[in-house]
Amino acid sequence: MPSRFEPCGLNQMYSQRYGTLPIVRKTGGLADTVVDASPATIEHKTASGIVFNQASSGALVEAIKRALILYSHHTVWKKMQITAMKKDFSWRQSAEQYLELYSSIY
């Protein structure tokens, strides 16, 4: 999803739920809902896709290459799929985050 602008979007959430790791540009809701596959996020079991920064064809190609390398490591790819499928995008999760925020400022 090489979007230049994305206020939220649902496709990356659907993708993660079904184990299809998304490739997204770091913008808006895409940046909020997909955790890039870095060595640290893979180790901490939070990686749920591939994120790239620049809105350019070169950056997209590099992200695709990263995805292909990760895909060749089947154990890592499978763990990332499981992590992505377990993510909670429910309103309950959002409401709890709002409660935490309001509690921290009150």
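Here is a check on your reading of the model: is ALA47 in a loop (DSSP other than H, G, I, E, B), surrounded by fewer than 18 Cβ atoms within 10 Å (Cβ to Cβ), of a type in the set (A, V, I, L, M) and touching a residue at least 24 places away in the same chain (Cβ under 8 Å)?
no
Out of the residues in segment 77-104 meeting the condition of being at pLDDT 90 or above, within 16 Å of the chain's Cα centre (by Cα) and not hydrophobic (A, V, I, L, M, F, W, C), tell me which one is surrounded by the most Cβ atoms within 10 Å (Cβ to Cβ).
Step by step, filter segment 77-104, then rank; the result is THR83.
Considering each of SER72, SER48 in turn, give the residue that is in contact with a Ser or Thr (Cβ under 9 Å, 6 or more places away or on another chain), among the hydroxyl-bearing types (Ser, Thr, Tyr) and at pLDDT 95 or above. Write out each step before concluding.
On the way: SER72 fails: in contact with a Ser or Thr (Cβ under 9 Å, 6 or more places away or on another chain).
Unique residue meeting the criteria: SER48.
Hey, does segment 7-24 have a residue that's out of contact with any Cys (no Cβ under 8 Å at 6 or more places or on another chain), among the charged types (D, E, K, R) and assigned to a loop (DSSP other than H, G, I, E, B)?
Scanning segment 7-24 turns up no residue that is out of contact with any Cys (no Cβ under 8 Å at 6 or more places or on another chain), among the charged types (D, E, K, R) and assigned to a loop (DSSP other than H, G, I, E, B).
The values are calculated or read from the model by the stated rules, or taken from the named source; none is laboratory data. Only a predicted model underlies this, so the values are computations on that prediction, with no experimental measurement involved. Backbone-built Cβ (ideal geometry, glycine too); neighbour counts: all protein chains shown.
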